[in-house]
């Protein structure tokens, strides 16, 4: 009788542990973040307009400084030949078509904006891509990544200065050189565009402010800045938790 009671007790404990483990597994989650989108026009700085495609444009006379956050899918579409082969793809801004097996999604490698400058007003203007920053609602500031920063990021992936890994490194370097926004003058009647790249945002970040600092509108006879402005753009995104049972709890509300 006693041995039977012991066996029953052991099975009861085992059952309770099994239920507990299953419960913990069902409560497991991954952090989920949505895409960056512009805040409403009335919340933007003066001179800012917001387009339906997510482009936010600062207009001063006939000068336009337009920025738009790019999703992973857009970055892969814009570099289709470089975005296949999973983590061995040569798109320097994404993981290519690789999907995280835990979430089934393509994770974000960097935070990327497309900057377009149209100058039909001043003799020449200049936006320095290293004089930009992202400030967030959680007190974090992100600085831009230039070509050398991306090279430093990918250099540890080289197992030797020859062979396929080195060729992939050089291809990424070439793509970055061709697509990053250049620090060149934009003369009257010209347009330029390119990417502004930042580290991937922390999962707790809901709102960000993209700051273009010391945009030069006028130069003196020595090409030294004579008139500069700072431009600020506001963006936000949804954040939440994606549970293993498929539930998405976003901003405290199940979806």
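The values are calculated or read from the model by the stated rules, or taken from the named source; none is laboratory data. Computed from a predicted model, the values in this text were never measured in an experiment. Cβ coordinates were reconstructed from backbone atoms using ideal geometry, including for glycine residues, and neighbour counts include every protein chain displayed.
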task: Would you please name the residue that is farthest from residue 189 (Cα to Cα), looking only at residues in the range 105-120 that are out of contact with any helix residue (DSSP H, G or I) (no Cβ under 7 Å at 6 or more places or on another chain) and at pLDDT below 95?
output: 105
message: Looking only at residues that are outside any loop (DSSP other than H, G, I, E, B), free of Cβ contacts under 8 Å to residues at least 40 places away in the same chain and surrounded by 12 or more Cβ atoms within 10 Å (Cβ to Cβ) in the range 42-74, which one is farthest from the chain's Cα centre (by Cα)?
response: 59
